[in-house]
Amino acid sequence: MAISMHKVADNLAQNVISLRKKRRLTQSALAQLAGATRASIALIESGSSNPTLEVLLKLSQALHVSVDELTNAPQAECKHIKAVDIPLDKRSKRGVTLRKLLPDKIRATELDEIALEPGAGMTGSPHVEGTKEYFTCTEGEMMIGVLGQVFQLKKGDVLAFPGDKPHSYKNQGRGRARGVSVVLFNPNS
């Protein structure tokens, strides 16, 4: 599917205006950062310019975005994702439910809700070396085993632990236990 040059010019105009305003730059300030004239920025923002690749590269560097982000259709600020569209891993035989809380892929980050029925447990897979994991108990009580130690978390408690080591989750209570797992892959790199 071919995109018309007019549509690309419109996308570019909207994106440059939006990014410039977010960074609180005037057209003159952006022109100076990009090594261009204020008039060329004004023409780009009006959608009536056909900038060279060199100008696009300079603009992308000045605005700290890729050329694709400048020329693609502007992204909506908000995105409503229905519960039925969020990945759910239900292990009914074991009483374990994992639900993604970030349906979009975010580099080096995972955020999941873990729910365990009474008596249920699961073993977490060790992540890549250097991974840090944070688990916040939001309902009931959760037992987390890491490196031979067992931690009993109650509602509101947080456990920070090396996510690259073997770990497990267990609900030994009478009601459902639930919590949020935040995994940061190589947070110090």
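Only the coordinates and a few stated rules stand behind these numbers; no lab work does. As the structure is a computational prediction, the values presented were derived from the model and not from experiment. Every residue, glycine among them, receives a Cβ derived from its backbone with ideal geometry; neighbour counts consider all protein chains shown.
Taking strands (runs of 3 or more DSSP E) as the structural unit, those lying wholly within the range 128-189 and holding at least 3 residues that are surrounded by 13 or more Cβ atoms within 10 Å (Cβ to Cβ), of a type outside the set (Asp, Glu) and touching a Ser or Thr at 6+ places or on another chain (Cβ under 9 Å) correspond to 132-139, 141-146, 167-170, 177-184. Is the range 79-96 home to any residue that is in contact with a strand residue (DSSP E or B) (Cβ under 8 Å, 6 or more places away or on another chain) and either buried (at least 16 other Cβ atoms within 10 Å of the Cβ) or touching a residue at least 60 places away in the same chain (Cβ under 8 Å) (or both)? Yes, some residue in the range 79-96 is in contact with a strand residue (DSSP E or B) (Cβ under 8 Å, 6 or more places away or on another chain) and either buried (at least 16 other Cβ atoms within 10 Å of the Cβ) or touching a residue at least 60 places away in the same chain (Cβ under 8 Å) (or both).
Taking (1) in contact with a Lys or Arg (Cβ under 8 Å, 6 or more places away or on another chain); (2) at negative phi in turn, LYS170 satisfies each apart from (1). Taking only the range 50-69 into account, find how many residues are outside any helix (DSSP H, G or I) and closer than 19 Å to ALA29 by Cα. Looking only at that region, the number is 3. Restricting the first member to the range 19-48 and to residues that are among the β-branched types (Val, Ile, Thr), and the second to residues that are crowded, with 18+ Cβ neighbours inside 10 Å, the beta-carbon pairs closer than 7 Å and six or more apart or on different chains are THR37/ALA31; ILE41/GLN27; ILE41/LEU30; ILE41/ALA31; ILE44/LEU12; ILE44/ALA13; ILE44/VAL16; ILE44/PRO51. Of all the listed residues (GLN14, GLN32), the sole one being within 29 Å of the chain's Cα centre (by Cα), part of a helix (DSSP H, G or I), surrounded by fewer than 18 Cβ atoms within 10 Å (Cβ to Cβ) and not charged (D, E, K, R) is GLN14.
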